[in-house]
Every structure is written in C-alpha cells, then in structure tokens.
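*Asks:* Have a look at the structure that comes next, please.
The values are calculated or read from the model by the stated rules, or taken from the named source; none is laboratory data. All of these numbers come straight from a predicted model, not from anything done at the bench. Heads up, the Cβs are rebuilt from the backbone with ideal geometry, glycines too, and the neighbour counts pull from every protein chain shown.
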Amino acid sequence: MFKFDKLVFGDAGWGDEFLIATFMTLLVSILSMGLGLFLAIITVWAKIIQNRITRFIANFYTTVIRGVPELLVIYLIFFGGNAVVMSIAKVFGYNKYIELNALTIATIAIAVISATYSSEVLRASYLAISKGQIEAARALGMNKFSIFFKVISPQVVRHALPGIGNVWQITLKDTSLISVTGLVEIMRQSRISSNVEHSPLTFLITAAILYLCLTTISGRIFKTLEVNYSKGFST
Amino acid sequence: MIEFLNSIQNSLIYKNFFLVLSGLDNTILLLLISLPLGFVLALLFALGRVSKITLLSRTIASYIFVIRGTPLLVQIYLIYFGLGSVKFIRESFLWYALKEPFWCGVIALTINTVAYGAEIFRGGIQSIEKSQVESGLSLGFGKFLLLRKIILPIAIRKVLPSYGNELILMVKATSLVSLTTYMEMTGIARKIMAKTFAPVEAFIAAGILYLFLNFLMVQFVKYLEWKYNPHLRLNN
C-alpha cells in the first residue's frame with residue numbers, strides 16, 4: 001500500500017524528482033504571481049481612471065475570469081494560446097509553426113487568474129488611502145510619479161499585504177491545475193511516480209505534504225512581512 | 001436574416017453549446033449534494049471549533065489546516081486514485097461509492113467546502129457580541145435555544161457574503177471533478193475539443209454556462225442577504 005522507501009534520492013527513488021518538481025511549482029507560482037501583480041496594477045489603473053471604455057474592459061475581464069473555472073482558463077490558454085500567438089506572428093509576416101513551452105503557458109494562465117484576485121485586493125487598498133493625502137502631496141508640488149511612488153504605493157503595499165498573502169496561497173494551490181498541461185510540477189510528478197510504482201497513495205500524500213509545507217512556510221513569511229510593514233501602526 | 005440565423009445554427013459554438021448543456025445536470029447534481037451537506041457539516045465543525053473541548057477543537061483546527069493548505073486537485077486524486085488503490089477499501093462496502101467518480105467528486109468537494117465553510121462560520125460565531133449572548137442567558141435560554149435563536153441566525157447572517165464567495169468557488173471547483181473521468185461540463189468541453197480540434201469554441205461554450213451558473217448563485221446569495229437582513233433594507 002505505502003512505498004515511502006521509494007522516496008529516497010538518487011536513481012533508486014523519486015526524492016530528487018520531487019525536489020525539482022517542488023522548485024518548478026515555486027517557480028511557476030512566483031513568476032505568475034509577479035506577472036499577475038503587474039496585470040493587476042494595469043487592471044486597477046483601468047478601473048480607477050475616469051474612462052468608461054477601460055473600466056468596462058477591466059470589469060469584463062475580472063468578472064469573466066472569476067466566474068469561469070480555473071481549469072477552463074488553463075485549457076483555453078493551453079490549447080488556444082498557440083493559435084493566438086501564431087496569428088499575431090502572421091501579422092508580422094512570420095509563417096512558421098510556433099509552440100510556446102509549457103512553463104510560459106503555465107505562467108500566463110495562472111497569472112491571468114491570479115491577476116483578477118490581486119486587482120480586487122489592490123483596488124480596495126488604493127481606495128483605503130484618504131484623498132487628503134494625495135491632495136496634500138499635490139499641494140506640496142509633487143508630480144504624478146512621485147505621488148505614486150512616495151505616497152500611494154508604500155501605503156498600498158501595507159494595506160494590501162494580508163490580501164496579497166491570501167492571493168499567493170490561492171495561486172500556489174492553483175499551480176496544481178497546471179499538471180494537465182504536462183509541466184512537471186508536484187502534482188504531475190506524483191501522477192508519474194504513482195503510475196510507475198503502482199502506489200498512488202504514497203505519492204499523492206507526498207504531494208499533499210509538499211503543498212502543505214509550501215503554504216505554511218510562505219504563510220509565515222507573509223506574516224513576518226506584515227509585521228515589518230506595519231511598524232509604527234497599531235493594528 | 002434567415003441566412004444569418006442558419007449561419008449561427010451551423011456555427012461550432014452554437015452546436016457545442018447544446019452539447020455542453022447536456023453536462024449541466026451532472027454539474028448541478030454534484031452541487032446539489034455537496035453544498036447542502038457541506039453547509040450542515042461546516043456549521044457543526046465551526047461549533048466544534050469554538051467549543052471548549054480542547055481535543056475536539058484541536059482536531060478540527062488541524063483538519064481545516066490540512067484541507068486549506070492543499071489543493072483541491074490533490075484531495076480529489078487522493079480519494080479517487082489513492083483510496084481506490086487500497087485493497088481493504090476495495091473489498092469493503094465503501095467501494096460501492098468510491099468506484100464511482102461521481103461519489104468521489106461529491107466526497108472531495110464536501111470535505112473541501114466543509115473546511116473553508118467552518119472557518120467562515122467560526123469567524124461569524126466569534127464576532128457575535130458578548131452582550132447578545134448574555135442577554136439570552138439572562139432570559140433563561142438554554143444552550144440549544146441560545147444557539148438556535150441567537151448565535152446561529154446572527155452568525156449566518158453576518159457571514160453570508162463570504163459564504164456566498166465560497167459557494168461560487170464551489171461551482172468553479174466542480175470542473176476539477178472532470179479529471180476523474182466524470183462527464184460534467186468541463187469534461188464534455190474537453191471531449192469536444194479532442195474531437196473537433198477547436199478548443200476556443202468548446203471552452204467558450206462551457207465558460208458561458210459556468211458564468212450563467214455563477215450569476216444565478218450570486219442572485220441567490222443576494223436574495224438571501226436581502227431576506228435575512230431586514231433591518232438593513234433601505235425601504236420596507
């Protein structure tokens with residue numbers, strides 16, 4: 001039933017494969033979280049500037065992606081992404097077959113999903129900044145860039161950290177869905193190993209424990225960051 | 001005009017839409033069993049979590065910790081592939097349920113939503129003001145009456161928005177059950193994709209249906225909020 005002795009490192013076991021898979025999961029999570037935050041900032045910007053068209057596009061994007069299962073989004077980008085990239089390349093006169101590698105597709109797919117959650121968090125924390133501060137900064141003669149970098153972003157970071165921590169946990173767990181695209185992360189590795197060793201329970205429990213470690217450790221890191229960023233504020 | 005209608009009827013999205021629609025009942029069946037079951041169990045677990053019995057509270061806390069720390073996909077696979085590989089489960093009565101991907105999906109979804117729901121309800125129960133409980137006690141309410149008349153109504157009312165979020169997450173989570181060969185909407189969309197090599201058309205048809213399902217869910221939660229928050233209505 002259990003074959004935990006198969007988890008040794010080296011050729012006899014799957015230990016090193018699982019280690020690499022764990023790093024792959026972390027890599028996809030970090031890359032897509034970063035890209036997701038970037039997309040989220042654009043989305044928030046599109047929502048808060050007083051422009052109907054950008055606001056409609058941003059609202060449409062967040063509503064649709066959050067209303068559709070993550071698996072569907074991943075399938076759509078995995079199976080449809082190549083065609084989109086190729087048709088864009090055709091516009092520029094490049095007619096050969098292009099295939100995006102699994103890591104790129106995984107990162108884009110998870111980022112598109114995580115950006116919708118991040119954007120809600122960022123928008124809420126942007127709205128939490130009182131108008132008076134921005135007006136005060138303007139009264140001091142600060143230009144738009146220094147208002148953004150010196151007044152808005154430090155406070156947004158502090159307000160948003162708990163929420164971003166939650167989004168990170170969701171993103172980390174969503175990477176397990178990427179296994180359907182064939183990228184070898186923890187979930188895919190556990191399926192491969194259990195197919196070879198005919199012991200799904202062993203390797204699925206291993207995967208569960210690895211995910212549990214990842215979420216717990218990153219949760220701790222976010223707690224520390226929160227404490228660091230809210231120094232001087234009694235919460 | 002007729003030509004236009006014909007072209008719509010012959011389009012892939014239109015055809016796929018009805019194919020995927022035939023999987024809607026399977027998706028709803030999953031939800032119809034796991035959501036009510038999850039609601040009741042989540043309430044019980046939340047009560048156990050805030051109870052003064054340390055062992056019970058600790059056990060439930062660790063259960064919530066494990067379920068919330070692992071992806072749903074791992075839980076579904078553990079139940080479908082993992083438990084199915086154990087010999088004595090295959091020989092016991094449990095096998096009648098566990099050999100069906102449908103029941104595996106129901107069990108996994110329920111286990112998952114109970115953990116999240118219990119945490120949400122715990123927040124609701126703990127946010128009740130002491131004075132309300134005390135006034136109930138001073139009126140001579142017993143423990144059960146207190147729970148039924150004061151704690152649960154207030155707690156559930158408070159957590160309705162966040163529990164509504166969890167309900168929507170559950171609607172989306174049903175798509176993962178398709179990975180255990182259960183043919184609900186995502187499974188059918190994937191099958192269409194494999195047959196026609198037209199991924200975008202197949203998945204957009206499924207996406208529209210999921211959006212519609214979630215829209216209904218949002219309206220349902222809004223109605224519940226309206227119904228159970230009479231004091232917050234603007235005009236009676």
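*Asks:* Just to be sure, is residue A:192 in contact with a helix residue (DSSP H, G or I) (Cβ under 9 Å, 6 or more places away or on another chain), buried (at least 17 other Cβ atoms within 10 Å of the Cβ) and more than 10 Å from chain B (Cβ to nearest Cβ)?
*Replies:* So residue A:192 does not fit the description; no.
*Asks:* Any idea which of (1) over 19 Å from residue A:69 (Cβ atoms); (2) away from chain A (no Cβ under 14 Å) is the one residue B:102 doesn't satisfy?
*Replies:* Of (1) over 19 Å from residue A:69 (Cβ atoms); (2) away from chain A (no Cβ under 14 Å), only one is false for residue B:102: (1).
*Asks:* Now, a different point. Go through the residues of segment A:117-124 one by one and say whether even a single one is more than 18 Å from the chain's Cα centre (by Cα), in a helix (DSSP H, G or I), modelled with pLDDT of 90 or more and under 19 Å from residue A:43 (Cβ atoms).
*Replies:* yes
*Asks:* Looking at segment A:83-105, is at least one residue surrounded by 22 or more Cβ atoms within 10 Å (Cβ to Cβ) and either among the hydroxyl-bearing types (Ser, Thr, Tyr) or away from chain B (no Cβ under 14 Å) (or both)?
*Replies:* no
*Asks:* Now for a separate question. Here's a check for you: in segment B:206-236, which residue that is aromatic (Phe, Trp, Tyr) and surrounded by 13 or more Cβ atoms within 10 Å (Cβ to Cβ) is nearest to the other protein chains (Cβ to nearest Cβ)?
*Replies:* B:210
*Asks:* Answer with yes or no whether residue B:182 is assigned to a helix (DSSP H, G or I), within 19 Å of residue B:73 (Cβ to Cβ), of a type in the set (Ser, Thr, Tyr) and in contact with a Pro (Cβ under 8 Å, 6 or more places away or on another chain).
*Replies:* It is false that residue B:182 is assigned to a helix (DSSP H, G or I), within 19 Å of residue B:73 (Cβ to Cβ), of a type in the set (Ser, Thr, Tyr) and in contact with a Pro (Cβ under 8 Å, 6 or more places away or on another chain).
*Asks:* Residue by residue through segment B:195-205, note down the ones that are facing chain A (nearest Cβ under 10 Å), assigned to a helix (DSSP H, G or I) and surrounded by fewer than 22 Cβ atoms within 10 Å (Cβ to Cβ).
*Replies:* Matches in segment B:195-205: B:200, B:201, B:204.
*Asks:* Pick from segment A:213-235 the residues that are within 11 Å of chain B (Cβ to nearest Cβ) and surrounded by fewer than 21 Cβ atoms within 10 Å (Cβ to Cβ): which of them is nearest to residue B:87 (Cα to Cα)?
*Replies:* My answer is A:213.
*Asks:* What are the residue pairs meeting all of these: first residue in segment B:166-178, first residue over 18 Å from residue A:75 (Cβ atoms) and touching a residue at least 12 places away in the same chain (Cβ under 8 Å), second residue among the aromatic types (Phe, Trp, Tyr) and in a helix (DSSP H, G or I), Cβ atoms under 7 Å, and 6 or more apart or on different chains?
*Replies:* Partner pairs satisfying both residue conditions: B:166/B:116.
*Asks:* Something else: Among the listed residues A:177, A:210, which satisfies the condition of being more than 27 Å from residue A:61 (Cβ to Cβ) and within 14 Å of chain B (Cβ to nearest Cβ)?
*Replies:* It is A:210.
*Asks:* Which condition number does residue A:208 fail, the rest of (1) surrounded by fewer than 17 Cβ atoms within 10 Å (Cβ to Cβ); (2) free of Cβ contacts under 8 Å to residues at least 60 places away in the same chain being met?
*Replies:* (1)
*Asks:* Looking at segment B:57-68, which of the residues that are more than 17 Å from the chain's Cα centre (by Cα) and within 14 Å of another protein chain (Cβ to nearest Cβ) is surrounded by the fewest Cβ atoms within 10 Å (Cβ to Cβ)?
*Replies:* B:62
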